[in-house]
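Heads up: the structure comes next, in structure tokens.
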Amino acid sequence: MPLTDNSDRRRVRVPVRVQRRETLPQAVDMSQSEEMPPRVETVEQAGVSTLPRSDREERPAQGPFSAAAAPATREADAGAWRDQSLRLRAEMDNFRRRQQRLTEERVAEERERLISQFATVADDLERALESGDSSLAGLRQGVALTHQAWMRLLAREGVESIRPTGEMFDPRWHEAVSTVPYGAIGVRPDTVVEVVRDGYRIGDRLVRPARVIVAV
């Protein structure tokens, strides 16, 4: 029997998969995409420190060998500097003692050398006194020879005698013990007219001043 009515047809349900509204892709209006602000993650999510650059540089790094090891490192450095200071102090003390010992030895050697040279002058005086010639001329000659030996010894040591007779008075090298009127002896003022005792100097250093009489 032919079917003339569509209602008699067997209705077949075709399952239609319906997606939830919240999962359907949202249409994006491209005209408004340029106005949308870019997505900004929080500094905590991005893993960026909020401290300024200078604070981040000065802040010690966190780790097993940073904050925990800093006090031990400082103590070790302080101990090393302390040991080095003690060693330097000990070396300076040893150097000072060595220099003092060398100076004392040098002074002792110079004293012995000078005494040995003075001994030769004493020998000359002793020979002059023990000579058989008891005349005044012989004694005078022996003393003159001894004086010459003495002056040679001073010259070898770099000592110069100061005998400023007829020179102008110089307070650096001379010591005035008396004065005389310059008009009475016919000399210029401040002239040394007589040497009472010779002076001695070594280069520019005064050993003892010459005692003189000055015309004023």
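Points worth noting:
- Here Glu112 does not qualify as in contact with a helix residue (DSSP H, G or I) (Cβ under 9 Å, 6 or more places away or on another chain) and of a type in the set (Asp, Glu).
- Residue in region 179-199 that is within 49 Å of the chain's Cα centre (by Cα) and more than 30 Å from Arg113 (Cβ to Cβ) present: no
- Residues that are small (Gly, Ala, Ser), in contact with an Asp or Glu (Cβ under 9 Å, 6 or more places away or on another chain) and under 11 Å from Val212 (Cβ atoms) within region 137-189 comprise just one, Ser178.
Coordinate-derived values only; no laboratory data. Predicted model, so just to flag it, every value in this text is computed and none were measured. As a convention, Cβ positions derive from the backbone with ideal geometry for all residues, glycine included, and neighbour counts pool all protein chains shown.
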